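The values are calculated or read from the model by the stated rules, or taken from the named source; none is laboratory data. The shown structure was predicted, so the numbers you read here are calculated from the model rather than taken from an experiment. Cβ placement follows ideal geometry from the backbone for every residue including glycine, while neighbour counts extend to all protein chains displayed. Keep in mind that these areas ignore ligands, DNA and RNA; they rest on the heavy atoms of the full protein, side chains included. Shrake-Rupley method; radii C 1.70, N 1.55, O 1.52, S 1.80 Å.
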Number of protein chains: 2
Amino acid sequence: MESLRFILPQSEIPGHWYNVAADLPNPPPPPLGPDGKPVNPEQMGAIFPAAILEQEMSSERWIPIPQEVREIYRLWRPSPLVRAARLEAMLGTPAKIYYKYEGVSPAGSHKPNTAVPQAYYNRQAGIRRLTTETGAGQWGCSLALAGQMFGIDVRVYMVKVSYEQKPYRRSMMRAWGAEVFASPSEMTQTGRDALAREPNHPGSLGLAISEAVEEAASRADTNYALGSVLNHVALHQTIIGQEAKKQFEMAGDWPDAVFAPCGGGSSFAGMAFPFYADNAAGGHKGKMVQLVAVEPSSCPSLTKGQYAYDFGDSSGFTPMMKMYTLGHNFTPPSIHAGGLRYHGASPLVSQLYHEGLIEVVAVPQLATFEAGVMFARAEGVIPAPESCHAIRAAIDEALRCKQTGEARTLLFNLTGHGHFDMSSYDRYFAGELEDFEYPREAIQESLRHLPDLA
Amino acid sequence: MESLRFILPQSEIPGHWYNVAADLPNPPPPPLGPDGKPVNPEQMGAIFPAAILEQEMSSERWIPIPQEVREIYRLWRPSPLVRAARLEAMLGTPAKIYYKYEGVSPAGSHKPNTAVPQAYYNRQAGIRRLTTETGAGQWGCSLALAGQMFGIDVRVYMVKVSYEQKPYRRSMMRAWGAEVFASPSEMTQTGRDALAREPNHPGSLGLAISEAVEEAASRADTNYALGSVLNHVALHQTIIGQEAKKQFEMAGDWPDAVFAPCGGGSSFAGMAFPFYADNAAGGHKGKMVQLVAVEPSSCPSLTKGQYAYDFGDSSGFTPMMKMYTLGHNFTPPSIHAGGLRYHGASPLVSQLYHEGLIEVVAVPQLATFEAGVMFARAEGVIPAPESCHAIRAAIDEALRCKQTGEARTLLFNLTGHGHFDMSSYDRYFAGELEDFEYPREAIQESLRHLPDLA
């Protein structure tokens with residue numbers, strides 16, 4: 001019986017993260033402070049430890065993974081690479097389809113890959129408390145788990161509407177010992193101001209970020225952790241693609257095209273950057289790999305945004321980063337892939353796209369759920385709505401191959417399971433979901449509010 | 001870095017199930033019909049295919065696993081054996097603790113191990129529809145998944161109170177294409193009678209079994225599938241213990257004691273029977289393995305029940321089986337380990353216990369949640385409430401070893417994750433759960449209604 005799951009021994013957990021900054025044709029544009037000048041590390045030291053800031057700015061190609069981090073990774077890593085043979089048969093495609101399954105982490109997604117080193121470096125720096133924000137809850141759960149592993153107290157500001165609608169993600173954070181508050185909260189000035197303006201404020205990711213950053217900046221024992229967008233987050237996630245490459249060697253195969261969902265950009269970066277390393281060096285055995293970021297057509301920062309300096313949060317607390325953005329005060333519609341509802345895309349991903357080194361497709365919501373259900377019925381695993389974006393794009397390519405007869409090898413990042421998203425599937429089955437395309441004028445209106453660097 | 005996860009290649013998925021009936025000191029007492037005489041296979045043929053009935057009655061030691069079943073098993077098997085090194089350190093015990101993690105199946109528990117062959121054999125027999133009951137939903141999900149894999153329509157009668165309280169298990173069944181109805185329903189005479197008596201009837205597992213059996217018995221294209229108790233179910237689950245034995249060889253270790261939760265008995269049978277095979281043959285390299293079934297003290301069929309013939313369901317539709325029972329009309333309290341709320345224990349498990357070949361401990365609810373939270377904080381995985389029973393017993397033994405200084409090797413069956421049980425953890429954290437011990441007189445009253453075989 002042929003093996004469909006390719007699982008590395010734990011001794012093969014990579015010893016280094018891959019830093020794509022070392023292989024970019026041009027140096028990454030620096031983050032800018034309110035004065036329009038590059039921020040220096042000291043300014044960020046109030047909320048991040050030095051080791052993280054060093055990674056954020058580094059141009060070293062390989063950055064060693066501390067032994068203590070690998071010891072936690074081995075609770076669930078290496079994650080499996082799986083050949084989706086039943087899906088191939090269901091589609092009747094000559095393409096071969098593989099997925100890398102990150103839902104095996106205790107938190108159920110790829111997010112602990114960066115939560116664990118972030119907790120570790122903070123603990124090394126003497127920090128005993130971390131604050132963060134969470135929308136749907138995947139990142140908050142991952143940081144709660146990681147904090148528990150290193151004896152760090154974690155406080156999560158959870159967007160109020162999710163706090164009320166996703167009680168079980170909240171319970172999970174509590175099971176790992178974290179405190180969870182609905183945002184806007186009474187704990188911060190930002191929160192109190194928002195509640196004064198609007199007592200029933202539903203919260204937003206931008207507001208929750210502002211609350212978490214405000215608390216971290218005001219307490220010496222407390223730092224802040226972010227789950228996507230930044231360079232060090234993308235760096236930590238490269239363990240995904242690095243493992244996948246070893247597993248393709250085991251399988252005696254190699255992908256022609258790689259697909260990953262893209263919101264803030266960390267799951268795409270984690271999967272695609274290690275393959276980009278080969279492309280930058282002339283290809284793997286001379287073969288270039290097509291790298292495809294898949295974003296929701298309702299929040300199309302890469303395909304419809306502008307490549308410009310913008311804030312990371314909605315209230316303009318953070319430094320400005322050069323990225324594809326829809327404008328920091330763009331409010332994405334309430335699609336069910338909560339993890340992809342972000343106005344910008346990682347500066348590193350943005351730069352690669354701007355330089356024509358990766359591709360992007362935008363897919364509508366209904367088609368992603370249709371793909372998720374096909375996948376669940378073929379392969380068993382019920383995917384998270386975010387992951388359904390990559391599945392959709394991979395299925396579309398497999399169906400294109402069916403028409404042309406191409407036997408391409410496709411790989412996608414199955415970033416997490418959908419166990420905490422079943423209400424979204426219910427709404428899909430009930431016919432209550434719809435596609436949403438932002439009118440171009442609305443995006444242009446939002447882009448008018450980009451920070452003025454003149 | 002030392003390996004903590006022992007993962008077999010897919011070529012090592014066992015080729016046979018182990019039938020403990022071949023190694024019992026005495027032949028298993030046969031199931032009896034309403035006339036008090038052994039039922040013959042023909043009588044059961046209305047709801048089970050011949051291949052399943054043959055397994056139910058077989059005394060062959062090794063029963064081959066069909067290739068088609070192994071091809072589905074390989075979607076998630078072999079499941080990992082994991083050394084719980086962080087839990088050991090947290091407890092400060094000299095004992096070594098391992099767990100076998102069955103939560104990696106798409107349905108999140110060990111139940112697909114038998115759902116898949118049951119769907120396969122029914123399909124081979126030309127059956128296109130299966131009915132079943134489900135309480136908390138783990139079994140219903142597993143049969144929905146398995147039915148989808150073999151093109152069989154699945155109809156699940158879900159206990160009404162769970163149908164309302166566990167909407168996401170219901171959604172999961174629908175994602176895999178099953179029909180789900182709240183029981184009592186209008187679909188069967190049993191359901192209509194119950195609703196006529198009590199329009200707001202909350203349902204019960206016994207009633208849901210009766211509905212599923214009634215429908216299967218009345219339609220030629222439809223059979224019935226059960227997720228625990230019966231011999232063929234225990235047989236299919238032995239893939240767990242067989243894999244564990246191969247994995248201990250990889251690890252260069254061997255368990256001194258094995259713990260598994262025990263309700264109907266299939267997860268205990270699946271883990272323990274393959275180790276019993278060595279005990280029956282004089283031990284593994286001369287060493288006997290201690291086999292411990294862990295039941296809830298609120299539903300203590302093995303420790304406080306009677307070894308007698310009793311019905312499998314509450315309304316007396318099924319044949320009578322010789323088993324430890326609390327009486328078929330015993331109503332277990334609403335503990336959160338819904339999968340352990342059954343009035344009897346598998347006849348094979350019961351017989352081994354009666355003959356002194358296995359041990360049983362009963363543990364109270366609060367202590368199981370306490371153990372589950374310790375485990376989650378040490379190892380990451382949030383366990384299902386059923387699994388917490390085995391964790392509790394393993395932790396108790398590890399703490400005993402700490403006192404005596406014994407470096408025993410312990411293994412437990414982590415039967416599933418708790419992603420659909422977070423409301424139970426919420427109630428535990430809120431201090432709303434309590435322990436429940438049935439008064440002896442209540443059990444004796446219920447046992448007065450055992451069927452009269454005189």
| Applying the selection to the range A:285-308, what residues are out of contact with any Cys (no Cβ under 7 Å at 6 or more places or on another chain) and of a type in the set (Gly, Ala, Ser)? | A:Gly286, A:Ser297, A:Ser298, A:Ser301, A:Gly305, A:Ala308
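Just for the range B:162-185: of the residues that are in a loop (DSSP other than H, G, I, E, B) and away from chain A (no Cβ under 14 Å), which one is nearest to B:Asp426 (Cα to Cα)?
Only one residue tops the list, namely B:Pro184.
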| Any idea which of B:Gly372, B:Gly380 is among the small types (Gly, Ala, Ser) and free of Cβ contacts under 8 Å to residues at least 24 places away in the same chain? | B:Gly380
| Selection within the range B:186-217 - assigned to a loop (DSSP other than H, G, I, E, B) and open to solvent by 40 Å² or more (accessible area, probe 1.4 Å) | B:Glu186, B:Met187, B:Glu198, B:Pro199, B:Asn200, B:Pro202, B:Ser204
| field | Scan of the range B:303-336 for residues that are out of contact with any Ser or Thr (no Cβ under 7 Å at 6 or more places or on another chain) and open to solvent by less than 20 Å² (accessible area, probe 1.4 Å), ordered by number | value | B:Met320
| message | Name the single residue that is surrounded by the fewest Cβ atoms within 10 Å (Cβ to Cβ) among those in the range A:364-375 being out of contact with any Ser or Thr (no Cβ under 6 Å at 6 or more places or on another chain) and closer than 16 Å to A:Ser298 by Cα. | response | A:Leu366
| query | If the Cβ limit is 7 Å and pairs must be 6+ apart or interchain, which residue in the range A:72-85 that is under 16 Å from A:Val116 (Cα atoms) pairs with which residue that is acidic (Asp, Glu)? | reply | A:Leu75/B:Glu379; A:Pro78/A:Glu12; A:Pro78/A:Glu243; A:Ser79/A:Glu102; A:Ser79/A:Glu243
| task | Check every one of the helices (runs of 4 or more DSSP H) wholly within the range B:59-161 and list those with 2 or more residues that are β-branched (Val, Ile, Thr). | result | B:67-73, B:112-124
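Table: residues versus (1) more than 11 Å from chain B (Cβ to nearest Cβ); (2) under 30 Å from A:Pro31 (Cβ atoms); (3) more than 24 Å from the chain's Cα centre (by Cα).
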| site | (1), (2), (3) |
| --- | --- |
| A:Gly380 | no, no, no |
| A:Glu397 | yes, no, no |
| A:Leu414 | yes, no, no |
| A:Asp426 | no, no, yes |
| A:Arg440 | yes, yes, yes |
| A:His449 | yes, yes, yes |
| Complete set of residues in the range B:168-207 that are within 30 Å of A:Pro383 (Cα to Cα) and small (Gly, Ala, Ser) | B:Ser171, B:Ala175, B:Gly177, B:Ala178, B:Ala182, B:Ser183
| request: Would you tally the residues in the range B:235-288 being in a loop (DSSP other than H, G, I, E, B) and open to solvent by less than 10 Å² (accessible area, probe 1.4 Å)? | output: 6
| Of all residues in the range B:140-155, how many are away from chain A (no Cβ under 12 Å), in contact (Cβ under 8 Å) with a residue 40 or more places away in the chain and not basic (Lys, Arg)? | 2
| field | Residue under evaluation B:Ala136, criteria (1) within 11 Å of chain A (Cβ to nearest Cβ); (2) modelled with pLDDT under 95; (3) open to solvent by less than 30 Å² (accessible area, probe 1.4 Å), criterion not met | value | (1)
| Where residues in the range B:22-54 are in contact (Cβ under 8 Å) with a residue 24 or more places away in the chain and among the small types (Gly, Ala, Ser), which of them is most open to solvent (accessible area, probe 1.4 Å)? | B:Ala50
| remark: Picked from the range B:1-39 (must be within 27 Å of B:Val69 (Cβ to Cβ) and polar (S, T, N, Q)), the residue nearest to the chain's Cα centre (by Cα) is B:Asn19
| query | Do you know which residues across the range A:1-50 are farther than 21 Å from A:Ile239 by Cβ, among the aliphatic types (A, V, I, L, M) and within 14 Å of chain B (Cβ to nearest Cβ)? | reply | A:Met1, A:Leu4
| remark: A:Ala194 vs (1) away from chain B (no Cβ under 13 Å); (2) touching a strand residue (DSSP E or B) at 6+ places or on another chain (Cβ under 7 Å): all pass except (2)
| query | Before we move on, is A:Ala125 modelled with pLDDT under 95 and on the phi < 0 side of the Ramachandran plot? | reply | no
| query | Just to be sure, is B:Asn19 polar (S, T, N, Q) and buried (at least 19 other Cβ atoms within 10 Å of the Cβ)? | reply | yes
| Subset tally (residues that are open to solvent by less than 10 Å² (accessible area, probe 1.4 Å) and either within 25 Å of the chain's Cα centre (by Cα) or within 14 Å of another protein chain (Cβ to nearest Cβ) (or both)) for the range B:87-97 | 2
| task | Evaluate the following for B:Tyr121: is it in contact with an Asp or Glu (Cβ under 7 Å, 6 or more places away or on another chain), more than 14 Å from chain A (Cβ to nearest Cβ) and buried (at least 23 other Cβ atoms within 10 Å of the Cβ)? | result | no
| task | Mind checking which strands (runs of 3 or more DSSP E) fall wholly inside the range B:290-365 and carry at least 3 residues that are aromatic (Phe, Trp, Tyr) and touching a residue at least 24 places away in the same chain (Cβ under 8 Å)? | result | B:306-311
| query | Which of the residues that make up the range A:310-324 are within 20 Å of the chain's Cα centre (by Cα) and not polar (S, T, N, Q)? | reply | A:Asp310, A:Phe311, A:Gly312, A:Asp313, A:Pro319, A:Met320, A:Met321, A:Lys322, A:Met323, A:Tyr324
| query | Has the range B:55-74 got at least one residue that is buried (at least 22 other Cβ atoms within 10 Å of the Cβ) and among the small types (Gly, Ala, Ser)? | reply | no
| task | Give the number of residues within the range B:218-234 that are open to solvent by 20 Å² or more (accessible area, probe 1.4 Å), assigned to a helix (DSSP H, G or I) and not hydroxyl-bearing (Ser, Thr, Tyr). | result | 1
